[in-house]
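Peer 1: Here it is, the structure, as structure tokens.
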Amino acid sequence: MRTIESYLRQVGEALPQDLVTISEPVKPSQFEVTALLQHLENAGKFPLLLFENPLNLHGKDRLSAWQRTFMQPDSGAPWPWTSTRPIGSSG
């Protein structure tokens with residue numbers, strides 16, 4: 001079974017220059033993601049971007065303090081953006 005986590009790990013190991021992790025908060029409502037993608041395209045670069053801290057459309061952190069405290073990867077509880085569904089599956 002291939003998950004998004006295994007795919008990202010594989011890309012990071014095989015092509016580390018093609019996986020860029022953005023740890024700073026980004027505001028989609030202010031087109032920060034769009035601006036970053038346009039900047040990369042203008043430079044002729046097309047890496048896979050992983051946004052670790054996207055804000056919601058109201059500029060708020062999309063994880064509550066409770067989620068941040070109790071939904072750690074090592075706790076066994078999945079992060080909200082974690083999918084256990086194999087890539088390419090429909091269900």
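Peer 1: Mind checking which pairs have a first residue in segment 16-38 that is without any contact (Cβ under 8 Å) to a residue 12 or more places away in the chain and a second that is in a strand (DSSP E or B) and aliphatic (A, V, I, L, M), Cβ under 6 Å, 6 or more apart or different chains?
Peer 2: Final answer for the pair search is Glu32/Val26.
Condition check ((1) modelled with pLDDT of 90 or more; (2) in a helix (DSSP H, G or I); (3) of a type in the set (A, V, I, L, M, F, W, C); (4) out of contact with any Pro (no Cβ under 6 Å at 6 or more places or on another chain)) across all residues:
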position	(1), (2), (3), (4)
Gln10	yes, yes, no, yes
Glu13	yes, yes, no, yes
Val20	yes, no, yes, no
Glu24	yes, no, no, yes
Val33	yes, yes, yes, yes
Gln38	yes, yes, no, yes
Glu41	yes, yes, no, yes
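Peer 1: Would you be able to say whether some residue in segment 61-82 is among the hydrophobic types (A, V, I, L, M, F, W, C) and modelled with pLDDT of 75 or more?
Peer 2: If we filter segment 61-82 for residues that are among the hydrophobic types (A, V, I, L, M, F, W, C), which is where we start, we get 63, 65-66, 70-71, 77, 79, 81.
The next check asks that each one be modelled with pLDDT of 75 or more; those that pass are none.
Among the residues of segment 61-82, not one is among the hydrophobic types (A, V, I, L, M, F, W, C) and modelled with pLDDT of 75 or more, which makes the answer no.
The values are calculated or read from the model by the stated rules, or taken from the named source; none is laboratory data. Values in this document were obtained by computation on a predicted structure and should not be read as measured data. Cβ coordinates were reconstructed from backbone atoms using ideal geometry, including for glycine residues, and neighbour counts include every protein chain displayed.
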